[in-house]
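Single-structure report; data block below.
The values are calculated or read from the model by the stated rules, or taken from the named source; none is laboratory data. Predicted model only: the values in this text are computed from it and were never measured. Note: ideal-geometry Cβ built from the backbone for every residue, glycine included; neighbour counts use all protein chains shown. Just the protein is used for accessible areas: all its heavy atoms, side chains included, with ligands, DNA and RNA removed. Shrake-Rupley method; radii C 1.70, N 1.55, O 1.52, S 1.80 Å.
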Amino acid sequence: MSRVRLGLFSVTVAFYLAIVVAVLGTTWLVQIDWQVMLFRPYKQWPAIHGFLDAFVVLGQRGPTAVLVAAWLGWRSWRQRTLRPLLALAFALLLLNVSVGAVKIGLGRLGPHYATEIGSAELLKGGDIFPSGHTANAVVTWGILAYLATTPLARRWLSVVGAVFALGVGATTVYLGTHWVSDVLLGWAAGLVILLGLPWCEPAILRVEAFIYALRERFTTAGSRLAPAPASSPTGQPVSARGKLVGPRVPAQDSGSGNRSAAMPRATDEAHAPASRY
């Protein structure tokens, strides 16, 4: 990992912890949460509600994972490597474990279910802190830039991923499904996964090698079970040139008054030159 990436990772982790501490301490950040919630943005600008209600789907784990996995699957097929798909799988696994643990551990209620004005609404059985939509948008769209093969593609995909991640996070605040601090922590949580993904590269390569080894083992076992070629009663393989074709040879007298059965000539025998003695 480069120094720049390591520095960004450290800053993001510090930002993540600062948000958690600010919410746990019911500081000014929680006051901002309540001010925005009571402002009710979805009532201030109802004309864009329908569009944003559809746009927020770009942060849902199921639809985005299917879209991104389809694209990365095609890339894996073209490049003859499982790394793109495995990188996505590792990122989503880390995201679900880390975000899910914090959600369940802090148990924060969302704005629509808040019970006490000014309260952080922690440890009340909720599951919205951090915002899963936001963190998922950062990871699923950001991993396209992470796996880009050219600097130009990486820059453009970084811009697209940032627009989707910022847009999804802001949309959840507009719809009233998340506090502002939920979204801030969701951005930080997703960015921590992306910045820390290079540390998972050795494990990704090991899993890829293991999958290829399994495929080779099953391929070898299947070839051993393949049926053997057909053979003659004497145990010798039947040659295609040994097929019996052509007219029958007239029966020959064996000298004892009996004629041998008429036998068809083999192709090789029919075309073979006469032997000289």
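Structure summary
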| item | result |
| --- | --- |
| Wholly within segment 116-197, helices (runs of 4 or more DSSP H) carrying at least 3 residues that are at pLDDT below 95 and open to solvent by 60 Å² or more (accessible area, probe 1.4 Å) | 151-175 |
| Which listed residue is over 19 Å from the mean Cα position of the chain (by Cα) and either touching a residue at least 60 places away in the same chain (Cβ under 8 Å) or closer than 19 Å to residue 65 by Cα (or both), from 111, 151 | 111 |
| Single residue of 186, 142, 105, 196 found to be among the small types (Gly, Ala, Ser) and under 30 Å from residue 43 (Cα atoms) | 186 |
| One residue from 143, 128 being under 28 Å from residue 28 (Cβ atoms) and in contact with a helix residue (DSSP H, G or I) (Cβ under 7 Å, 6 or more places away or on another chain) | 128 |
| Unique match (being farther than 23 Å from residue 138 by Cα, open to solvent by 70 Å² or more (accessible area, probe 1.4 Å) and touching a residue at least 24 places away in the same chain (Cβ under 8 Å)) among 61, 78, 40 | 40 |
| Selection within segment 46-58 - free of Cβ contacts under 8 Å to residues at least 24 places away in the same chain and among the aromatic types (Phe, Trp, Tyr) | 51 |
| Subset of segment 15-37 (residues that are assigned to a helix (DSSP H, G or I), open to solvent by 50 Å² or more (accessible area, probe 1.4 Å) and in contact (Cβ under 8 Å) with a residue 60 or more places away in the chain) | 15, 24, 31, 32 |
| Filter result for residue 50 (more than 14 Å from residue 136 (Cβ to Cβ) and either in a helix (DSSP H, G or I) or among the small types (Gly, Ala, Ser) (or both)) | yes |
| Where a residue in segment 199-212 is closer than 10 Å to residue 86 by Cα and its partner, wherever it lies, is open to solvent by 70 Å² or more (accessible area, probe 1.4 Å) and in a helix (DSSP H, G or I), with Cβ under 7 Å and at least six apart | 204/83; 208/83 |
